[in-house]
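The values are calculated or read from the model by the stated rules, or taken from the named source; none is laboratory data. Just so it is clear, the model here is predicted, and its values are computed rather than measured. Note: ideal-geometry Cβ built from the backbone for every residue, glycine included; neighbour counts use all protein chains shown.
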């Protein structure tokens, strides 16, 4: 009995493909569902040789009738994502693939948003799955984490497996999930040390970012101070602690539109922590350490200075503030002469009528 040769396509837009044999289309669909991807099926005439290029993934011996459809993409729910009839070229298959991928991603995201699925699931394992899936799609999970913690059985609430799962979700400070994660310092330390350095850095950054975002939405400066204190605690040197603390408060003042306090703090923050750095020295250091552009310290400092200059330009009508911001913009261009930095520099120069 001949089997169906199927191309299983990954769920992401950067499609990776895996060939496999399936006795039936149903088995192929089940595998696509478990991989959260989709399958490519095409019909060929009996006795015809295998097709070239993209079409080589279809076996010449497929006997399954597909009606008038020449090829189709389906996901694991048997939802038809794209179908084509008639003569087929490789370009048509690739175009169909791109359309099908977009539709498959949209369908998956809609499912993750379905209120009845989210609110109706209080089972620990189902909630873990939904939270993990939403995290992969960069969707909000914090309210679900609270539901998850509230419904945890007592015997698993403090297990290392549960604590590890919670840690990886980077729960907001003072949330139920964060309190449960840290209520036993010894267990938390064991779980934390079991994570990779990359995970720890990501988690800390996300905890800070999410907490300060919530603080801005709530217009709650105490929450922002909590995020700033946490950020300071992730640094070692005294000056790095102060820089981290003030940087978070600066974000809070900007996001809540507190112009007076933002301008007051920005006026000292950028001068104190960034303007003393030398562009040539940082570029030399980047070169010696063979840092790619994405990890360039000079680029990072330049982008931070430009952000400060842009925000002051946006929030202030005082030429004195513009003059200070222009010094940051000039240094930003020296550090990393991006088009964005040059635009900020030119805009401030025009306002100040400076050549």
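Residue 293: modelled with pLDDT under 95, out of contact with any strand residue (DSSP E or B) (no Cβ under 9 Å at 6 or more places or on another chain) and loosely packed, with under 14 Cβ neighbours inside 10 Å, yes or no?
yes
In region 261-271, is there at least one residue being touching a helix residue (DSSP H, G or I) at 6+ places or on another chain (Cβ under 7 Å), modelled with pLDDT under 95 and under 27 Å from residue 230 (Cβ atoms)?
So far as region 261-271 goes, yes, one or more of its residues are touching a helix residue (DSSP H, G or I) at 6+ places or on another chain (Cβ under 7 Å), modelled with pLDDT under 95 and under 27 Å from residue 230 (Cβ atoms).
So which of 225, 229, 268, 284 is touching a residue at least 24 places away in the same chain (Cβ under 8 Å) and assigned to a helix (DSSP H, G or I)?
225
Across region 157-211, what is the number of residues that are over 25 Å from the mean Cα position of the chain (by Cα), over 28 Å from residue 222 (Cβ atoms) and assigned to a helix (DSSP H, G or I)?
3
Please enumerate the residues belonging to region 319-342 that are without any contact (Cβ under 8 Å) to a residue 24 or more places away in the chain and under 17 Å from residue 271 (Cβ atoms).
The answer is 320, 325, 330.
Go through (1) part of a loop (DSSP other than H, G, I, E, B); (2) modelled with pLDDT of 95 or more and name the single condition residue 154 misses.
(2)
Kindly indicate whether any position in region 313-329 is under 30 Å from the mean Cα position of the chain (by Cα), surrounded by fewer than 16 Cβ atoms within 10 Å (Cβ to Cβ) and within 26 Å of residue 204 (Cα to Cα).
Checking region 313-329: not a single residue is under 30 Å from the mean Cα position of the chain (by Cα), surrounded by fewer than 16 Cβ atoms within 10 Å (Cβ to Cβ) and within 26 Å of residue 204 (Cα to Cα).
Does residue 259 satisfy being over 28 Å from residue 320 (Cα atoms) and in contact (Cβ under 8 Å) with a residue 12 or more places away in the chain?
Considered against the rule, which asks whether it is over 28 Å from residue 320 (Cα atoms) and in contact (Cβ under 8 Å) with a residue 12 or more places away in the chain, residue 259 comes out as no.
Which of the numbered conditions does residue 246 fail, given that it passes all the others? Conditions: (1) in contact with a helix residue (DSSP H, G or I) (Cβ under 8 Å, 6 or more places away or on another chain); (2) farther than 30 Å from residue 318 by Cα.
All conditions are met except number (2).
Just give me the residues in region 287-307 being touching a helix residue (DSSP H, G or I) at 6+ places or on another chain (Cβ under 7 Å) and part of a helix (DSSP H, G or I), in sequence order.
The answer is 293, 297, 298, 299, 301, 302, 305, 306.
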